[in-house]
Amino acid sequence: MAAITDMVDLEIQDGVAVIRIDNPPVNALSEGVRNGLHEAVLKADADDEAEAILIICEGRTYIAGADIREFGKPHRGVPLFDVQDVIEGASKPVVSTIHGTCLGGGLEVAICCHYRVAISTARFGFPEVKLGILPGAGGTQRLPRIVGVKKALEMMVKGDMVDANFALENGLIDALVDDLYEGGMAMAKKVVEEGRPLIKVRDANDKLEDAKKDPKLFHRFRRRVARKTRGFDAPESIIQCVEDTLIKSFDDGIQGERDRFQVLVNGIKSEAQRYYFFAERQAGKIPDVPKGTATIPIGKVGMIGAGTMGGGISMNFLSEGTPVTIVEANREALDRGIEVMRKNYLRGVKRGRLTEADVDVIMGRLTPTLSIEDVADCDLVIEAVFENMDLKKEVFTKLDAIVKEGAILATNSSGLDINSIAAVTKRPEMVLGTHFFSPANIMRLLEVIRAEKTSKKVMATVMALAKRLGKVPVVSGVCPGFIGNRILRQRGVQALKLIFEGSMPWDVDRVIFDFGFPMGPFAMVDLAGVDIGWDAENSQGDKNIHHRLCELDRRGQKTGKGWYNYHPETRFRTTEPLVEKLVLEFSEKMGKTRRKISDEEILQRCIYPMINEGAKILEEGISQRPSDIDVVWVNGYAWPVYRGGPMFYADTVGLDKVLAKLKAFQEQDNDDFWQPAPLIEKLVAEGKGFKDMA
Ligand code: HSC
Ligand code: NAD
C-alpha cells in the first residue's frame with residue numbers, strides 16, 4: 001500500500017483505486033487527511049489502471065468532521081474546498097463507503113462523491129450548529145439538493161444524526177451494504193460496468209422545487225425553532241444559507257455560506273461552544289486515575305428510596321438494561337414511586353419513542369421491595385432517601401452490614417458531608433456520592449463526589465458507568481453543595497439582596513433570561529418548590545420571605561403560585577401585586593433605602609459571585625479544573641452554552657474587570673461576601689485567566 005501521507009494510503013485493487021484514511025480516533029479532516037486525500041484523488045484519477053475511486057476509513061468511523069482543534073488557528077495545508085473540487089471533478093466515479101458517524105465536513109466530503117454506500121449502523125449528520133458554526137464546506141447548499149429544504153433545515157438547525165435507513169430513503173446514500181469494503185468495491189465496479197453518470201449534487205435542483213412553492217416555509221420554521229435557538233447565531237445563518245439555495249446560483253450560495261461561516265467561526269459564541277465540546281470530554285478524565293484503571297462490573301443495582309430521585313435514577317439503569325432492586329420505607333411510597341416511573345415511560349409511548357411492550361420489558365427489570373436485605377447481592381447501591389444526615393447514616397450502617405463485600409455504596413445527597421457518611425461504614429473506600437440532577441432520567445449531568453477515602457477503582461467504575469448511562473460525569477470533592485449547588489447558593493443570596501435593595505423578582509429574572517438562561521432565579525425557585533427546606537412548624541415568615549410565601553401557600557408552580565402566579569393549564573407566568581407588596585414590606589423591615597438598580601448591576605451581582613465561588617472551589621481542589629465547573633453549569637443549570645460557562649465567561653469579560661467589580665461591590669456593601677478569591681488576585685497579578693490554568 002502506498003502511503004500518501006501518514007494519514008492516507010492509496011492502492012489499486014482490482015481496477016479500483018482504494019483510498020484509505022486512518023486518523024484515529026474519529027478520522028477528522030486534519031491537515032494530513034486533507035493533503036493526503038487531495039493528492040490521492042489526483043493520482044488515482046490519473047492512473048490508467050484505476051477505473052473508479054473508493055474512499056474508505058479505518059477504525060471506528062468514516063470522517064466525523066473537520067478537526068475542531070484547527071479552528072481559530074492559521075490555516076495550513078490544502079483547503080477542504082480543493083479536496084472536494086478534485087473529488088467532484090474527477091473523471092472517473094468516486095464512491096464513499098461509510099460506517100460509524102459520517103458528520104459535518106465528513107458528510108460534506110461524502111456528498112461530493114458521485115456515489116455513496118453505507119453499512120446499516122452508520123449515522124449521518126451536520127452537528128456544526130452545536131459548535132456555533134454552520135456546515136461550511138458546501139453542506140448548506142448540497143444537502144437541500146439531496147433531501148429537500150424542509151429536511152435539510154431540520155438536520156442542520158437541530159444538528160442531530162439520522163440513521164442509515166433515513167439516509168437511503170432520502171438519497172443521502174445510494175445503497176446499504178453488508179460489508180464496508182466489499183460493498184464499496186461492488187458499488188464502484190457496478191457504476192463502471194453500467195456506465196452510470198458521475199452525479200454532481202451541485203447540479204441537481206429538483207428537490208428545491210417544493211420549497212419554491214411554499215413561500216411561508218422559512219417563516220414557519222423560524223417560529224417553530226425560536227425558543228430553542230434563542231441567543232444562538234448559527235441557526236439563523238444556516239436558515240439564510242438554505243434560503244439562498246432557492247434564489248441564488250450554486251456558486252453564489254457557496255460564497256454566502258463561506259462568508260457566514262467566517263463570521264461565526266471567528267465569533268465568541270462559537271469559540272465558547274468549541275471550548276465546551278472539549279470541556280465535556282475532558283471532564284471525564286481524572287489525572288490520577290489513568291485510562292485502563294481496573295473497574296468493578298456493575299450488573300445489578302440497588303436503590304434506596306423510590307421518591308423523585310430514586311425513581312428517576314432507577315429509570316436510567318432500567319432503560320439501559322440493568323436490573324434494579326428498589327427499596328422503600330412503606331408500601332404506599334413504593335407503589336407511588338413505581339407508578340410515577342411507569343407513567344414517565346408511558347409518556348414516551350405517547351411520543352412514539354417506545355411501545356407498551358417495551359415499557360413492560362423495561363419495568364420487568366425492576367424488583368420493588370420493602371426489605372433492604374434484598375439489595376445484598378447488588379454490585380452498586382444508591383441511596384436516595386430524604387436529605388437528612390442521621391437518616392443517611394442509619395441507611396449506610398445497614399447497607400454496610402448486609403451488602404456483599406466489594407460492592408459500591410453511593411449517596412445521591414445534594415450536598416451533605418460524604419466523608420461522614422463513609423465513616424459509618426467499614427468500607428469507606430467503596431463509598432462516594434453520585435449526585436444526579438432532577439429529572440434524573442433526563443438531565444445529563446452527574447456530579448461524582450470523590451470522598452477522602454474513595455478508591456481509584458470505584459472512581460473509574462462510576463465514571464465509566466456514567467458514560468454507559470449517557471451521562472456527563474464531573475468529579476467534585478466534598479464540600480457543602482458540591483460544585484453546582486455551592487455556586488448556585490451565591491447567586492441566590494445576591495438575587496434576594498437585589499430585591500430588598502430596589503429590584504423586583506421579575507427584573508432579576510428578566511436580566512438572567514436575557515443573558516441566556518431559560519429562566520431566572522425566582523422562576524427557578526418556583527419550579528423547584530419554594531418550600532424546599534421549609535418546615536411549617538418552625539416557619540419564620542416574619543424574617544424569611546420564602547417562609548412567608550409558603551405560609552401563604554405560595555409554594556411554587558405545584559400550588560399554582562409562588563413568586564409568580566401560574567396559569568393552571570398553560571403554566572403561563574404572571575406577576576402578582578401581593579408579592580410586590582411583600583418585597584417592599586421586607587425591604588422596609590430591613591431598613592433598606594430602595595434605589596434603582598441597573599440591568600448591568602443586576603447581572604454582575606448575580607454572576608460575579610458565581611465566578612468568585614468557582615475560583616474558591618478551584619483553590620480548595622474541589623474541582624479538578626475550571627472547565628469542569630463550566631460543564632456542571634451548562635449541563636446541570638442550563639447556563640447558555642454559547643457563553644461557555646461561568647469560568648469561560650469570566651475570561652471573556654476579563655478577570656481584571658471581574659476583580660475590580662468584586663472589590664467595588666465589597667466597598668459599596670461593606671460585606672465580606674465579596675472578598676475576592678486569592679486565586680483571582682493571583683491570576684490577575686500574573687496577567688492570566690482561568691484558561692491558563694488548564
Ligand atoms: C465541521 O466538520 C465543519 C465543516 O462544515 C467543515 C468546514 C470547513 C470550513 C473551512 C473554512 C476555512 N475534531 O466524543 P468522543 C476527539 S465541524 C477533533 O469521546 P465518541 C474528542 O475530543 C465538526 N477532535 O468519542 C476525543 O478526544 P480525547 C463536525 C475530535 O465515540 C476523541 O476524539 N463534527 C473531533 O463518544 C473521541 O471523541 C462534529 O462536530 C473532531 N471533529 O463520539 C463531530 N471529534 O480522546 C464531533 C471527536 O482526547 N464529534 N474528537 O478526549 C463527535 O460528535 C463525537 O466525537 C463522535 C464520536 C460522535 C464522532
Ligand atoms: P423524596 O422525598 O422525593 O424521596 C425520598 C424517598 O425516600 C421517599 O419516598 C421516602 O419514603 C423514602 N425513604 C425515606 N426513608 C427511607 C428508608 N429508610 N428506606 C427506604 N426509603 C426511604 O426525595 P428526593 O427529592 O428523591 O431526594 C432524595 C435525595 O436526593 C435527597 O438526598 C436529595 O437531597 C437528593 N436530591 C434531590 C434532588 C431533587 O431535585 N429532588 C436533586 C438532587 C439530589
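Before moving on, here are some points about what is shown:
- Enumerated helices (runs of 4 or more DSSP H) restricted to region 1-117, each holding at least 3 residues that are within 16 Å of ligand 2 (Cβ to nearest atom), farther than 24 Å from Lys190 by Cβ and of a type in the set (Gly, Ala, Ser): none
- Yes/no for Gly136 being within 8 Å of ligand 1 (Cβ to nearest atom), more than 21 Å from Arg20 (Cα to Cα) and not in a helix (DSSP H, G or I): yes
- Candidate set from region 378-392 (those that are within 34 Å of the chain's Cα centre (by Cα) and not aliphatic (A, V, I, L, M)); member that is surrounded by the fewest Cβ atoms within 10 Å (Cβ to Cβ): Phe386
- Some residue of region 342-354 being out of contact with any Lys or Arg (no Cβ under 9 Å at 6 or more places or on another chain), without any contact (Cβ under 8 Å) to a residue 40 or more places away in the chain, open to solvent by 50 Å² or more (accessible area, probe 1.4 Å) and within 14 Å of ligand 2 (Cβ to nearest atom): no
- Assessment of region 271-284 against the conditions (in contact with a Leu (Cβ under 9 Å, 6 or more places away or on another chain) and outside any helix (DSSP H, G or I)) yields no matching residue.
- Residue that is modelled with pLDDT of 95 or more and on the phi > 0 side of the Ramachandran plot, where the choices are Gly477, Gly433, Gly484, Gly502: Gly502
- Total residues in region 458-501 satisfying the condition of being part of a loop (DSSP other than H, G, I, E, B) and open to solvent by less than 20 Å² (accessible area, probe 1.4 Å): the figure is 4.
- Residues of region 325-341 classified as of a type in the set (Asp, Glu) and more than 10 Å from ligand 2 (Cβ to nearest atom), total: 2
- Checked against (1) at pLDDT 95 or above; (2) not in a helix (DSSP H, G or I), Phe261 passes all but a single condition, namely (2).
- Residue ID - farthest from Glu88 (Cα to Cα), chosen from residues in region 45-69 that are within 6 Å of ligand 1 (Cβ to nearest atom) and among the charged types (D, E, K, R): Arg69
- Selected residue (criterion: most open to solvent (accessible area, probe 1.4 Å)) from residues of region 549-598 that are among the basic types (Lys, Arg) and within 18 Å of Leu498 (Cα to Cα): Lys596
- Against the numbered list (1) in the same structural domain as Glu332 (by TED's automatic domain parsing); (2) open to solvent by 20 Å² or more (accessible area, probe 1.4 Å); (3) not basic (Lys, Arg), Gly305 comes up short only at (2).
The values are calculated or read from the model by the stated rules, or taken from the named source; none is laboratory data. As the structure is a prediction and not an experimental result, all values here were calculated from the model. For neighbour counting, all protein chains shown are included, and Cβ atoms are generated from backbone atoms with ideal geometry for every residue, glycine included. Heads up: the accessible areas ignore ligands, DNA and RNA and are worked out on the full protein's heavy atoms, side chains in. Shrake-Rupley method; radii C 1.70, N 1.55, O 1.52, S 1.80 Å.
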